[in-house]
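Here's the structure we're looking at; comments come further down.
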Amino acid sequence: MKIFIAGGTGRVATELIKDLLKDGHQVVAAARHPENVAEQGNPNVTVVQLDLTKPVADIAAVVGQVDAIYFTAGSRGKDLLQTDAFGAVKLMQAAELNHVKRFVLLSSLFALEPEKWNVPGLSDLTDYNIAKFFADNYLISNTKLAYAILQPTNLVEKTGSGLITIDAGGPGENAIENVAKVLADLLKFDNTIGQVIKMRDGETSIEQALKAVK
């Protein structure tokens, strides 16, 4: 497949690109600062400049004809409305404009459940979760995209075990490598389409955990 990644310089995207390449895909890595994208010079990676504050038509022109889109972009709290919320929405609109059906959104644990935003580890992320709340809801309610939304717990930089837990959500952490691998493998399982998936590091292989999603 030819796959477009918004936020191509991020920690998760950097690992995601590696996983997608291992699976034989072609990647279009898009970022505001494309010179920082990893895998520069790889013949299966096209690097493009993407500004999510631009109009939808401009974003659609950058996306072009692809088979799937990942939104892994994030402003790290600097531009939540323009990037994390409305930037995601405009990328969804661009996907529909270009007739791209498959859309994978990297979100945050309990983004769709405001009543849980006061749990330990989330209480200081309220503004971020508000942005994700609107992005997630728009994808579910206002598009006809074949979506999957991944809501991980806290991301940590450690070696991924390849073992996770998918459940209603709870305390824990996620190796960035595990999150990237789950994102990549979502494309292999049609049962993940239309699903909001909460994950954390656990004891089940990624393949078995995704097979069980329903």
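Computed from the coordinates by the stated procedures, all read-outs in this text should not be read as laboratory data. Note that this is a predicted model, so its numbers are computed, not measured. So basically every Cβ, Gly included, is an ideal-geometry build from the backbone, and we count neighbours across all protein chains shown.
Counting every other Cβ atom within 10 Å of each residue's Cβ, THR153, THR165 order from fewest to most as THR165, THR153. Taken about its Cα centre, the chain carries a charge dipole of about 360 debye when Lys and Arg each add +1 at the Cβ and Asp and Glu each add -1 at the Cβ. Shown here for segment 89-133: trypsin sites (Lys or Arg not before Pro) in loop regions (DSSP other than H, G, I, E, B) with at most 16 other Cβ atoms within 10 Å, namely LYS101. In whole percents, the pair-distance distribution calculated for the chain from its alpha-carbon pairs, binned every 5 Å from zero, is 1, 8, 16, 21, 22, 18, 10, 4, 0, 0.
Expressed per residue, the C-alpha convex hull volume of segment 52-176 stands at 119 Å³.
Each residue in ASP185, ASP124, ASP84 was given a count of other beta-carbon atoms within 10 angstrom of its own, and listing them fewest first yields ASP124, ASP185, ASP84. Panel values: segment 1-69, Kirkwood radius from alpha carbon pairs, Stokes-Einstein at 25 °C and 0.890 mPa s, translational diffusion coefficient 207 µm²/s. Looking at segment 2-211 alone, DSSP beta bridges between its own residues are antiparallel in about 15 percent of cases. For segment 143-193, the alpha-carbon coordinates run over 35, 20, 16 Å along the three principal axes, in decreasing order.
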